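Every read-out reported here was derived from the displayed coordinates using simple, explicitly stated rules and does not represent laboratory data. Keep in mind that what you see is a predicted model, and the values were worked out from it rather than measured. Here the Cβ positions follow ideal geometry from the backbone for every residue, glycine too, while neighbour counts run over all protein chains shown.
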Amino acid sequence: MWWIGIGILVIGILFVLWKSFTIVEEGTAKAVMKLGKFDKIIFQWEGHWMDKDWSIWYEGEEGAPDRKKAENKVWGRVFGSLWFYGIWPIHRIYEYTLRWTDFHRVIEKEGSIEKVQFHEEKLDHVLLKPAVYWTKIFSAETTPPERIPVNIEVLVTMRVFNPYRFLFIAPPTPIEDVLARIDALIRERIAHLTVDKILRIRTETLWEGWETEDEKIPGLKEEKLIKETLQRWGMKIAEKGVDVKKVEFPKGYAEALARRRQLELEAEAKRTEFRILSEARAAEIMGTIIEAIVVATGLPKEEIQKEFTKDPEAFYEKHKTIIDNVMTKLSMEERAYLRIETPGATGALGDLIRLIGAWQRMPTGKKETETTRGDLFY
């Protein structure tokens with residue numbers, strides 16, 4: 001029966017050897033423990049190296065120490081991504097639980113849709129490559145006197161550069177803690193913005209900061225969280241890596257905003273229509289005036305037009321009687337006064353019409369009312 005004992009021994013040795021190897025995927029790192037105490041970091045990422053503080057740098061990265069002096073070469077790589085990390089169970093790969101929320105495009109029956117996904121997983125590795133995390137800020141109030149509560153979805157691009165600090169110095173829930181602090185920082189900035197500015201806010205604005213009439217709002221890059229805290233935790237936020245993805249308003253406010261936008265579009269359409277009609281009518285009146293002057297003076301039409309182009313004001317003073325008669329006749333024919341407005345009119349036509357407008361304000365015959373837009377938010 002001795003051969004059974006030998007077989008068990010061989011199986012045990014093979015099992016120990018099998019447990020003493022691990023695969024480190026590209027762009028990840030693992031912490032090795034020796035009798036329950038941290039021993040070393042092993043990682044796999046082409047074009048990167050690790051210093052003696054367990055920070056991982058890419059070749060030529062700005063701010064990196066001298067690689068020849070600072071590189072921490074950890075041995076144990078067999079080939080490819082297979083590593084011999086030590087004798088199990090003396091040595092173990094450190095495992096931990098990580099919670100985070102990210103954003104994915106998934107395929108469902110109705111097609112491709114964006115979906116927020118929450119994860120809570122037990123991991124034996126640290127992701128070194130940049131990843132995008134999702135968070136949502138609820139009921140952040142805009143600047144007084146608006147004080148409109150808005151919900152804002154934010155995407156944060158972040159990566160781990162020092163797996164030792166991330167695993168053993170940062171809080172047990174590092175991703176959630178960072179996002180919670182970013183929520184607070186963005187909430188503070190929303191308090192300095194109107195609704196219209198929030199809807200147009202750019203990533204650069206949040207990152208670099210901006211100035212108001214009263215104060216300078218610092219960019220996120222100046223915050224202690226970004227400059228100091230994340231460094232201690234072994235994490236980095238990408239340059240301009242905080243993006244506002246979506247802004248939501250409570251139902252009543254959303255309807256009011258939609259109504260306001262509709263009124264603005266309708267008003268713009270009416271202004272455009274009125275301008276086109278006014279300019280068309282102005283051209284028609286100009287033609288009538290020039291024809292009347294040609295008949296009265298016997299001068300060629302081209303000469304009259306040239307005279308008008310050269311000096312519209314002198315032209316008006318010279319032919320004021322004829323122009324007055326034409327305008328009076330037109331008014332009587334239409335049984336109303338004429339009102340000519342030419343916003344944006346240029347050249348001789350615009351000059352003369354503005355001259356006529358200065359001479360006599362001429363309503364259209366219909367009483368024009370102005371709708372003043374009040375506060376849509378109650």
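Within a straight-line Cα-Cα reach of under 16 Å, Lys236 can be paired with the following lysines, leaving aside sequence neighbours fewer than 8 residues apart in one chain: Lys129, Lys221, Lys224, Lys227. Spin-label model, Arg200/Leu35: points 7 Å from Cα along the beta carbon direction are separated by 6.7 nm.
In terms of distances greater than 23 angstrom between alpha carbons, the cross-link table entries Lys136/Lys240; Lys197/Lys246; Lys270/Lys329; Lys136/Lys251 yield Lys270/Lys329. Taken over the Cα atoms of region 2-93, the convex hull encloses 105 Å³ per residue.
Ranking of Ser20, Ser81 by neighbouring Cβ atoms within 10 Å, starting from the fewest: Ser81, Ser20.
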